[in-house]
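Here, each number is a calculation from the coordinates, and none is a lab measurement. Fair warning: this is a prediction, and the values are worked out from it, not measured in the lab. Quick reminder, even Gly has a Cβ in these numbers, built from the backbone with ideal geometry, and neighbours come from all protein chains shown.
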Amino acid sequence: MSVTERYALMYDLDALMKAFGEAGGDKGILASNEIAHLVADGHKLLSMRSLEGLEVDARETLTGISAKVTVKEGIKIKNPVHLCFGILHKKGTQKIRMDVKLEKNSSARFIAHCIFPKAEKVKHIMDAVVELGEGAEMRYSETHFHGLYGGIEVVPKSVVTVARNGRYFTDFTLITGRVGKLDIDYSVEAGENAVTELTARVFGHANDNIKIKEKVILAGENSRGLIKTRVALEDEAEAEVTGITEGNAAGARGHVDCMEIVKDNAVAKAIPIVNVTNPLAKVTHEAAIGSVDKRQMETLMAHGLTPEEAVDVIVKGILK
Amino acid sequence: MTSIGEAKEKVPLLEIKGVTFHAGDKGILNEFSMSMEVSEVHALLGANGTGKSTLAYLIMGCEGYSPTSGEIRFEGKAINDLRIHERAQLGITMAWQEPVRFEGISVRDYLSLKQEGTDSSGYLEMVGLSAELYLGRMVDKCLSGGERKRIELASVLALHPKLAILDEPDSGIDMLSTRDIINVINIFRENGSSVLLITHREEIALISDKASQICRGKIVCSGSPHEVAEYYKAGKCLVCDGKVCAYV
Ligand SMILES: Nc1ncnc2c1ncn2[C@@H]1O[C@H](COP(=O)(O)OP(=O)(O)OP(=O)(O)O)[C@@H](O)[C@H]1O
Ligand SMILES: [Mg+2]
């Protein structure tokens with residue numbers, strides 16, 4: 001790498017870290033030897049670090065990044081692994097391919113920030129394959145910042161398998177700024193005694209278009225699954241939330257909990273699909289779609305909040 | 001003619017003048033009148049379905065609860081046309097008979113609504129809950145009925161209202177103990193708040209300054225708490241001939 005190239009890379013890294021800091025991220029993560037990370041702007045890999053027992057291996061592709069993260073058997077990673085992906089320019093496409101593997105009895109927590117502050121014509125595609133070995137535990141939280149223009153399309157897709165006694169928890173948050181177009185497609189298969197929880201929180205404005213499809217296949221005996229979705233919509237925003245749970249083994253327990261609050265001319269749709277093929281499995285679902293609860297509003301107004309302030313407190317609460 | 005130096009007529013804090021309220025074709029309040037002075041604790045006793053909560057909603061200004069006829073005045077000003085938050089800003093608030101739950105709102109945030117930065121631990125202790133255990137919890141479905149009611153009372157205490165309407169603070173599965181409730185009412189009193197105390201329980205009504213009994217949407221007896229207690233125990237109600245009141 002030439003000096004100029006290295007300088008350009010540092011400049012991009014600085015700019016992305018600045019945006020990351022503004023988005024609430026901790027910029028100190030790059031300096032610490034004890035924190036694994038991977039940072040990419042568009043299809044440029046800006047920085048990465050592995051740790052003992054945790055391999056981060058990434059390369060640039062024509063349109064994005066292809067990364068492999070492996071946590072070795074029995075290793076428990078103390079500090080969260082930080083992933084930061086973004087496009088700082090107004091236009092661009094970023095395709096991320098992630099292969100994550102947590103070997104037997106390992107555990108790790110991932111914090112991902114996806115930052116597109118100036119997006120006017122941006123596309124971000126995430127394709128992840130996650131494999132959790134027996135007794136492994138993974139917590140993954142992903143927070144998005146799309147700026148104020150709404151010119152962005154985000155397509156996160158992941159296929160996850162959780163082996164016996166494994167635990168998988170994921171959390172997707174997009175509540176600041178515009179959403180643009182979002183099309184989530186997650187699918188998790190849980191083995192015997194495995195636990196999986198998928199949570200998504202999204203706030204849509206203007207003509208944002210939100211599609212969330214989450215599927216949990218309870219394949220192993222006594223597996224547990226929860227899909228929790230919280231969506232707030234205003235203006236002309238639209239959302240369609242599909243929560244699918246399959247109960248295919250004895251003792252499997254699944255629950256789908258979807259709440260969508262709509263304001264103005266927004267349109268929300270919830271499609272809970274429950275499929276039980278084993279008589280000893282049990283799956284329940286609840287979906288609540290509507291304007292803000294009247295009693296909640298009245299209670300807050302009786303505390304002196306204006307109707308606008310009350311809606312704000314309620315919406316912030318459900319998206320928390 | 002009013003001469004100089006003559007005391008002005010005292011304006012009641014709350015005045016309900018001949019309020020009738022119908023929900024659809026069902027009459028719930030019938031020419032209901034009562035008034036409350038500043039710092040007065042007024043117990044309102046009445047059997048199930050006699051219109052107590054409806055009265056509370058009418059005073060608070062809940063949606064769908066405006067008098068069919070009659071007037072509600074607060075500090076001398078008609079408030080019929082004010083919305084809930086405008087009445088709250090005048091100093092009226094209420095603790096609901098069945099308080100609603102909120103997802104994602106902590107007890108700490110709930111107690112400091114509209115007064116960010118204040119320390120609300122004291123209010124929890126006043127209702128018999130440990131601040132250490134409860135401030136970080138959510139005001140959601142995970143609270144028991146009694147815990148939620150105590151938190152509602154704490155939030156009303158935190159507002160330092162001029163008028164607190166307490167709708168059956170003593171009811172619920174996890175009932176507040178009588179001692180706790182009496183303690184809370186005394187704190188309101190010390191803080192100079194007036195309390196409209198809706199209750200079924202005579203021993204709680206007895207700590208009020210004044211009591212009234214409601215039957216079929218009308219006050220049937222008003223006076224000292226002892227007198228009112230005697231009245232309904234004797235089943236003398238002229239409106240229902242003791243049939244409804246007997247359930248109090
Ligand atoms: N919106 C409504 N539409 C029709 N009927 C109503 C409505 N609200 C209340 N009621 C009826 O009016 C009557 C008075 O109700 P309210 O809730 O005020 O009673 P309450 O005195 O508070 O009773 P409780 O002691 O059980 O709490 C009841 O018979 C109730 O069913
Ligand atoms: Mg009632």
Amide H within-cut-off set for residue A:215, under 5 Å, with H built and near neighbours excluded: A:186, A:187, A:188, A:244
Paramagnetic reach from residue A:72 (point 7 Å along Cα→Cβ, amide N under 14 Å) across the range A:24-65: A:50-56
Listed residue (A:9, A:132, A:67) projecting farthest to the positive dipole end of the range A:1-154, Cβ model: A:9
Indicate, rounded to the nearest 5 percent, the antiparallel portion of the DSSP beta bridges found entirely in the protein assembly as shown. 20
Extension reserve of the residue B:39-residue B:236 stretch, reckoned as 0.36 nm per residue once the Cα distance is removed: 67.9 nm
Hey, for a label at residue A:271 modelled as a point 7 Å past Cα toward Cβ, could you say which residues of the range A:231-251 have their backbone N under 13 Å away? A:239-245
Once amide H atoms are placed 1.01 Å from N in the peptide plane, what residues at a sequence separation of 5 or more from residue A:226, or on another chain, have their amide H within under 5 Å of its amide H? A:196, A:197, A:198, A:255
Restricting to the range A:1-154, compute how many DSSP beta bridges are antiparallel as a %, nearest 5. 25
For residue B:10 paired with residue B:130, estimate the spin-label separation in nm (one decimal), with each label point 7 Å from Cα along the Cα-to-Cβ line. 4.4
Between residue B:17 and residue B:183, what's the calculated FRET efficiency when r is the beta-carbon distance and R0 is 30 Å? Round to 0.05. 0.35
Round to the nearest 10 and give me the degree value, 0 to 90, for the angle of helix B:178-190's Cα axis relative to the longest principal axis of chain B. 80
Extension reserve of the residue A:129-residue A:11 stretch, reckoned as 0.36 nm per residue once the Cα distance is removed: 39.3 nm
Run the numbers for residue A:79 and residue A:109: contour at 0.36 nm per residue of separation, minus the present Cα-Cα distance, in nm. 10.1 nm
